[in-house]
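The block underneath contains the structure these notes are about, expressed in structure tokens.
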Amino acid sequence: MNVPSLERHEFDLLRGLIETWCGISLEDAKMYLVETRLREVVVETGCASFGEFYEKARTAGPTLRDRIIDDMTTNETSWFRDMPFWETVRQVIIPDTLERARQDGRQKISIWSAASSTGQEPYTMAILLREMERAGQLRGFRAESFEILATDISRNALAIAEAGRYDPISMRRGLPLRLREQYFDRDGRISVLRDEARKLVRFKRMNLLDSFGNLGVFDIVLLRNVLIYFAAAWKRNILAKTTEVMRGEGALAAGATETLELYSDDFNVVRHGRSTYYRLKES
């Protein structure tokens, strides 16, 4: 079936629907992206045009809705993405968090990796904690003292993350050879993350537009390179909900190019070396 090109009015309808579902804001320049990513599913559903597909999608059940969200989600990620940030995690954020936990008499520390994609970010944290444990840098705590929750809206991304299986291209993106050899086994061309890192992470499907009420309370939140995809109103909404699930003076990380001060007054900016993160203001 030959489906006509995406018309502007059809693009406006589809991007409005997508934003309603998951908050992703698609600017005018992304019209080509919608056309190329959704054309296959338009054909599969037997629709003769993108307009007809919109009508079908508007009343879609969860299967088609999830497929569209998966197709439109950007799963751009890598190991140790933005290395100066991970140096700050090791040198400042983890030590400060451990000290606060000790002062509170807590044995567990909670970390949330929001929009965790195919798992490289939360698994990077798990590997870093194992490395700190081996170096005697966890100050009496163990890597198992950390509970890492990783969430994403994409079922496909979560399936890859939970399997912990990565192709050669994924493995070359940011992961030093020593860590590849230390934490992965080989299954043909595929690298399989070993349990010592994998067991520190729990995955859960989540839409950031939904309530955060059942997530728990976190010492560290990784909200990196995700708010850039949301409209301003959703950014404010997500940050407001995030403050409600953070422990006092907890640490929040955004992407290197993201500026949270435009959307929330609840955080203090902390600069360390070549990276920036945020501390929740005391109430």
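Let me confirm something: among SER170, SER110, which residue is at pLDDT below 95 and of a type in the set (S, T, N, Q)?
On inspection, the qualifying residue turns out to be SER170.
Does ALA150 fit the bill of being modelled with pLDDT of 95 or more, outside any helix (DSSP H, G or I) and not β-branched (Val, Ile, Thr)? Here the answer is yes, as ALA150 does meet what is asked.
Entry remark, region 99-155: residues being within 15 Å of LEU179 (Cβ to Cβ), under 25 Å from the mean Cα position of the chain (by Cα) and open to solvent by 50 Å² or more (accessible area, probe 1.4 Å) number 1 in total. The number of residues in region 206-241 being of a type in the set (D, E, K, R), in contact (Cβ under 8 Å) with a residue 24 or more places away in the chain and out of contact with any helix residue (DSSP H, G or I) (no Cβ under 6 Å at 6 or more places or on another chain) comes to 3.
Close Cβ contacts (under 6 Å, 6 or more residues apart or on different chains) running from residues in region 117-132 that are more than 16 Å from ARG173 (Cβ to Cβ) to residues that are of a type in the set (Val, Ile, Thr) comprise MET125/ILE148; ALA126/VAL201. The lone criterion from (1) modelled with pLDDT under 90; (2) within 27 Å of ALA159 (Cα to Cα) left unmet by VAL3 is number (2). The single condition among (1) modelled with pLDDT of 90 or more; (2) over 17 Å from the mean Cα position of the chain (by Cα); (3) among the hydrophobic types (A, V, I, L, M, F, W, C) that LEU223 does not meet is (2).
Of everything in region 237-271 that is in a loop (DSSP other than H, G, I, E, B) and in contact with an Asp or Glu (Cβ under 8 Å, 6 or more places away or on another chain), the residue that is surrounded by the fewest Cβ atoms within 10 Å (Cβ to Cβ) is ALA256.
Yes/no per residue for (1) closer than 30 Å to ALA101 by Cα; (2) without any contact (Cβ under 8 Å) to a residue 40 or more places away in the chain; (3) in contact with a strand residue (DSSP E or B) (Cβ under 7 Å, 6 or more places away or on another chain):
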{"position": "ALA143", "(1), (2), (3)": "yes, no, no"}
{"position": "THR151", "(1), (2), (3)": "yes, no, yes"}
{"position": "ILE160", "(1), (2), (3)": "no, no, no"}
{"position": "PRO168", "(1), (2), (3)": "no, yes, no"}
{"position": "ARG173", "(1), (2), (3)": "no, no, no"}
{"position": "ARG178", "(1), (2), (3)": "no, yes, no"}
{"position": "PHE184", "(1), (2), (3)": "no, yes, yes"}
{"position": "ILE190", "(1), (2), (3)": "no, yes, yes"}
{"position": "ALA197", "(1), (2), (3)": "yes, no, no"}
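Considering region 6-55, and only residues there that are open to solvent by 70 Å² or more (accessible area, probe 1.4 Å) and outside any helix (DSSP H, G or I), the residue that is modelled with the highest pLDDT turns out to be GLU7.
The values are calculated or read from the model by the stated rules, or taken from the named source; none is laboratory data. None of these values were measured; they are calculated from a predicted model. Backbone-built Cβ (ideal geometry, glycine too); neighbour counts: all protein chains shown. Side chains are part of the model used for accessible areas, which takes the heavy atoms of the whole protein and leaves out ligands, DNA and RNA. Shrake-Rupley method; radii C 1.70, N 1.55, O 1.52, S 1.80 Å.
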